[in-house]
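I have placed the structure first, in the form of structure tokens, so that the comments after it can refer back to it.
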Amino acid sequence: MRKTIAVMTSGGDSPGMNAATRAVVRTALSEGVKVFGIYNGYRGLLEDDMFEMNTRSVSDIIQRGGTILGTARSKEFETAEGRENAAENLFARGIEGLVVIGGDGSLRGAQQLTEEHNIAVVGLPGTIDNDIWGMDYTIGSDTAANTIIDAINKLRDTASAHRRIAILEVMGRHSGWLALITGMSGGAEYILVPEEQFDLDKIGTEIREMYEENQKRYVLIIVAEGAGSAIDIGKKLEEKTGIDTRASVLGHIQRGGSPTVMDRVYASTLGEQATRALISGVSNVVYGIRHGRVVNVNLYDAVHKKKSLDPEYLRMAKVLA
Ligand code: F6P
């Protein structure tokens, strides 16, 4: 039984991180376990910037995007010496277990901490990218997808009014999941993802035919940032088709916002179960959702295996476009 733990949020923030943090803290306190909150991710761990949390520390945050603990990317932590300092700070406070809420980079850092210093770590997948191996969902991905679909709905109005090609670039770092799921739910004619090759000449020819033969009023294209730049692709398509084209880059708007019910419930569930497991002696796993159920995935596998897009979704998106 671990009696003192810590929790941190790391990497790109995502809506639902606060719900997860709240669940970690309240679960620990319910078991009589002391819980420290680490500010600003690995940077705060290196600077020993942490505080003992109580139930009031996480009041009124379940509905808030971002993360009250703050987050930061830390170059120093990427060094063995940095990770040694981090481990020493944890040992100095008698912290026996660490909950890391973050994406693939953050969970990789956690895995190194475990491997090099035998720190007991349990991970929670906090990223809008939904790119963690072994699970169907990551905290914040549902809210980000709903933010994107709101933008798509608005783009359809103006693209239709002007008979334009509208191209929207969405986040996902190296994963096309956000583009695929929002392209499908937004009825996009084309969804460009890093996981699949695409031919702009062929797309240009098809769009010209749509306008000339089917009196198509407009075309919507969703491009994942890892597949290319909406602005560059837009310029090329306008040259190839002669059709007015406008590109939009949604950027960091996708990272904010009040988490959806799904993100709040899953974040709370994962936070509660991961904390209970950590306290009871479990470590070296990432808690996630697979087929609607809570699972735990080996931390090494979660950060070293690449998650692929669902081929059925990729196939269906083309049929339904
Ligand atoms: O990993 C989450 C994410 O939002 C990616 O989709 C995106 O490419 C990256 O973070 C942006 O990182 P930063 O906020 O450091 O610019």
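Along the charge dipole of the chain, Cβ charges K/R +1 and D/E -1, which of GLY271, LEU113, TRP133 sits furthest on the positive end? Farthest towards the positive pole: GLY271. For the pair ASP232 and LYS306, label points projected 7 Å from Cα toward Cβ lie 1.9 nm apart. Of the residues SER280, SER30, TYR211, the one whose Cα sits farthest towards the positive end of the charge dipole of the chain is SER30 (charges of +1 on Lys and Arg Cβ, -1 on Asp and Glu Cβ, taken about the Cα centre). With K and R counted +1 and D and E -1, the other residues having a Cβ less than 13 Å from that of GLY103 yield a net charge of +1. Angle, helix 261-280 long axis vs. longest principal axis of the chain, Cα atoms, 0 to 90°, nearest 10? Helix 261-280 sits roughly 30 degrees off the main axis of the chain.
A straight line joining the Cα centroids of the range 193-229 and the range 305-321 runs 17 Å.
Counting only alpha carbon atoms, the long axis of helix 80-92 and the longest principal axis of the chain meet at about 50°. The mean accessible area for residues of the range 141-255, using a 1.4 Å probe and ignoring ligands and nucleic acids, is 46 Å² per residue. The range 9-61 and the range 101-130 have Cα centres separated by 15 Å. Given a 1.4 angstrom probe, I'd like the percentage of the accessible area of the chain that is carbon and sulfur, rounded to a whole number. Using a 1.4 Å probe with all protein chains present, the chain comes out at 48 percent carbon and sulfur.
For the chain, what is the charge dipole size about the Cα centre, in debye to the nearest 20, if Lys and Arg each add +1 at the Cβ and Asp and Glu each add -1 at the Cβ?
Using Cβ point charges on Lys, Arg, Asp and Glu, the chain gives about 720 debye.
Note that the range 180-187 has calculated 3J(HN,Hα) couplings of 5, 6, 7, x, 5, 6, x, x Hz, one per residue in order, obtained from phi through the Karplus relation 6.51 cos²θ - 1.76 cosθ + 1.60 (θ = phi - 60°); glycine and proline are x. The charge dipole of the range 36-130, taken about its Cα centre with unit charges on the Cβ of Lys, Arg, Asp and Glu (plus for the first two, minus for the last two), comes to roughly 360 debye. Across the range 141-255, the mean sequence separation of Cα contacts (distance under 8 Å, 6 or more residues apart), normalised by length, yields a relative contact order of 39 percent.
Packing around the peptides 221-231, 274-284, 11-21, taken as the average count of other Cβ atoms within 10 Å per residue, puts them in this order, highest first: 11-21, 221-231, 274-284.
Once the Cα atoms of helix 104-117 and of the chain are each reduced to a long axis, what angle between those two axes, in degrees from 0 to 90 to the nearest 10, is obtained? On a 0 to 90 degree scale, this one is about 30. The dipole here belongs to the range 141-255: it is taken about the Cα centre, uses +1 on the Cβ of Lys and Arg and -1 on the Cβ of Asp and Glu, and is about 360 debye.
The values are calculated or read from the model by the stated rules, or taken from the named source; none is laboratory data. Since the model is a prediction, treat every value here as computed from it, not as a measurement. Note: ideal-geometry Cβ built from the backbone for every residue, glycine included; neighbour counts use all protein chains shown. Heads up: the accessible areas ignore ligands, DNA and RNA and are worked out on the full protein's heavy atoms, side chains in. Shrake-Rupley method; radii C 1.70, N 1.55, O 1.52, S 1.80 Å.
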